[in-house]
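Worksheet: one structure, shown below.
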Amino acid sequence: MKYLPLIVKNCLRNRRRSVLTIASLAISLCLLGVMMALYYALFIGGQPAKAQARRVVVRHKVSIVFPMPLYYREKIAQVPGVEEVMVWQWFGGVYKDSRDQRNFFARLGVEADKLFKVYQDYQLPDEQKKAFIQDPAGCVVNKALAERHGFKVGDKILIKGDIFPFDLDLTVRGIYTSSDFDDDSLWFNFKYLENALRNSSRLSAGTFTILAKTPEDVPSICRTVDEMFANSTAPTKTESEYAFGLSFLSFLGNIKVILMSICGAVTFTILLISANTMAMSVRERVREVGVLRTLGFQKSTILWLILAESALISLVGGALGVLIAQGLCAAIRQGPAILQQTKTLTIEGPVFAALVGISMLIGVLSAIVPAWSASRENIIDALRFTD
Amino acid sequence: MSETVIRTHGLTKEFVRDEFHVVALKDAEMEVQRGEFVELMGPSGSGKSTLLHLVAAMDRPTRGELEVMGFKLNGLSDSEIAKWRNRHVGFVFQSFNLIPVLTALENVELPLKLTHLKRGERVQHAATALKLVGLEDRMGHYPRQLSGGQEQRVAIARAIVTDPDLLLCDEPTGNLDAKSAQEVLTLLGRLNKEYGKTIVMVTHDPHAAHYATKIRYIDKGELLPDGGKPEDWN
């Protein structure tokens, strides 16, 4: 502690350079922080929402775009641990102008009478639930979507068909909120599809959503369902709804590798910036190192002093970066629900600890070579040194 | 009874610079007694500073024996030498070499950070040293806010703050005007006479002779015997 004032004063020796270094560290560590927060949320610390823990999704083993026969529903319902099974069909379609990204939201056909049993976290008045269940052309939308497009109960919504050879002429029967993950979705009554595709082979299920009796039943349900249809023409892949959500990420490529690569590149770049700054800073002070050695300072003390100075600058930059990253995470949470995980994105404890560790490591690594050289410099040569 | 503070025997320093073999100091024989004020004089490049650096253990001799304050320096490790230097030797440079980001008080306090003194004690000692050199009203000033003479006095305060037995000064008046040089020499004279500090000073300053108890000359790397003087020396 007795060297702290000296370390701080050395950090402030060239204020402009220190401020610029701290700023570059802060920006880089902010980017690193958001990437690591995302990685952590997606692959390490992310937990399914409370209501989601019991939900399981069954899809075609090859791809979600391949349909499954509707009779699977009855077979799945027989699996031990299954409380409810609901058919789920992606309609796609176009709302108004498809070139406007705001008009893109999920349009899904579901068994209306089962929707609120499977999605128990959806909240809307009972009369709206009843109206939705009773109207074959009814739909419900979530509150955020309703607010964005000004949908009110009783409004008409026209969705032009693209995958299916007909349009949806729907009536808004309810507006729901969710205590867990509130994504932008429009759920319409599956009866609409049944009526439109009567006697057509296209009447099928895109996925089945299962509500398990307990979260502990989920693994065995996944295993049993997949074994049941393993040798059929439409083999299945069954996974928790949480894992199912994550599987969409694979459409973008190997997200793990992408995120790790960005994190690695950012860390390496910060290291180079910081190393360059520390090399300049130490080079300016070789003569002072000679003076300190003359006063009796040990080589190891000088090495430690320079490393501590670098680590301090790095830590301040890192702390600022974490603060900015936390702000960015908050902004992402408020933004459109791209993924369930982005709605709860934050700098978790382990990510914070990792960022602090990385900051320290960058500080130490960037200064180790110039600090080592300076501390080992012959006193006479150091005193004669002119920059 | 006098006590020998510095004793050298056959002290030699050679080095290779740009493929040239240089003998900076050759077979130097010297004894300095406690309380002496020794001046080392000689032309530029004669080896005065080399001898001073060897005595301060800032450099290692190529051969020869060197005993300072009863310590045979050849046998000490770098770490032991650093501790020894902090306790027993104060060094004053020609170009002051104060740390620019520290105030006068903080500069003087610096060697005390290597001791076991508490912060309050360190500050008190540093303030006393600054008072001794007449700079009690400049404690909070940074080096850039001081004149050359004041900077050198701060450097002397830093050299004496640990109360070393031996003060080594490498042309301490070389960068000063005549008035400041006089002040610095007077101060060193006081430290020698009133506080009993043994001083070895490399200098070109002819006025310094008034303060010295002994003058030794070096010429072309050879330390001339007591009383010896180069023939062409003015």
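Tabulated data for the structure shown
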item: Residue among B:80, B:29, B:151 with the largest mean-square fluctuation in a Gaussian network model of chain B, springs linking Cα atoms under 10 Å; result: B:80
item: Residue A:344-residue A:198 FRET efficiency (beta carbon distance; Förster radius 56 Å; 0.05 resolution); result: 0.85
item: Relative contact order (%) - criterion: Cα under 8 Å, at least six apart; region: the range A:67-233; result: 35 percent
item: Semi-axis lengths (Å, descending) of the ellipsoid that matches the C-alpha gyration tensor of the range A:261-376; result: 38, 12, 10
item: Anchor residue B:13: lysines whose Cα lies under 25 Å away (excluding residues fewer than 8 positions away in-chain); result: A:299, B:26, B:48, B:72, B:83, B:214, B:220, B:229
item: More than 48 Å apart - percent of Cα-Cα pairs taken over the protein assembly as shown; result: 45 percent
item: Label point distance in nm, residue A:243-residue A:106, each placed 7 Å from Cα along Cα→Cβ; result: 1.8 nm
item: Residue-averaged 222 nm ellipticity for chain A, from DSSP H runs of 4+ at -39500 (n - 2.57), nearest 500; result: -16500 deg cm²/dmol
item: Calculated from backbone phi, Karplus (6.51, -1.76, 1.60) coupling profile of the range A:137-148 in Hz, x at Gly/Pro; result: 10, x, 8, 10, 10, 7, 4, 4, 5, 4, 5, 5
item: Whole-angstrom gap from the range A:359-387 to the range B:199-215, using each part's C-alpha centre; result: 36 Å
item: ³J(HN,Hα), Karplus 6.51/-1.76/1.60, whole Hz, each residue of the range A:342-351, x for Gly, Pro; result: 6, 6, 10, 4, 7, 7, 6, x, x, 5
item: Per-residue mean of C-beta atoms belonging to partner chains within 10 Å, peptide B:107-113; result: 4
item: Translational diffusion of the range A:186-244, µm² s⁻¹ [Kirkwood Rh, Cα pairs; Stokes-Einstein; 20 °C; 1.002 mPa s]; result: 157 µm²/s
item: Qualifying aspartates and glutamates (Cα of each under 16 Å from Cα of residue A:2; at least 8 residues distant if same chain); result: A:309, B:106, B:109, B:121
item: At R0 = 25 Å, FRET efficiency that the Cβ-Cβ distance of residue A:304 and residue B:145 yields, to 0.05; result: 0.25
item: Antiparallel DSSP beta bridges within chain A, percent to nearest 5; result: 75 percent
item: GNM flexibility winner over chain A from A:99, A:202, A:287 (Cα, springs under 10 Å); result: A:99
item: Chain A: most fluctuating residue of A:124, A:252, A:115 per GNM, C-alpha cutoff 10 Å; result: A:252
item: Net length gained if the chain between residue A:234 and residue A:216 were fully extended (0.36 nm per residue, minus Cα distance); result: 3.8 nm
item: Descending Cα extents along the principal axes, the range A:67-233, whole Å; result: 44, 36, 30
item: Loop chymotrypsin sites (Phe, Trp or Tyr not before Pro), the range A:40-144, which have at most 14 other Cβ atoms in a 10 Å radius of their Cβ (DSSP); result: A:71, A:104
item: Hz values of 3J(HN,Hα) by residue in the range A:217-234 - Karplus curve (6.51, -1.76, 1.60), Gly and Pro given as x; result: 6, 4, x, 5, 4, 4, 5, 5, 4, 5, 5, 4, 10, 4, 9, 8, 6, 10
item: Alpha carbon centroid spacing (whole Å) that separates the range B:123-142 from the range B:1-47; result: 33 Å
item: Per-bin percent of Cα-Cα distances, chain B [10 Å]; result: 8, 32, 36, 20, 4, 0
item: For the range B:50-90 versus the range A:244-266, the gap between their alpha-carbon centres in whole angstrom; result: 61 Å
item: Residue mean of other protein chain beta carbons inside 10 Å, A:10-21; result: 1
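Where a number appears in this text, it was derived from the coordinates with a stated rule and is not lab data. What you see is a predicted model; the values in this text were computed from it and never measured. Neighbour counts are summed over all protein chains in view; Cβ atoms, including those assigned to glycine, are modelled from backbone coordinates with ideal geometry.
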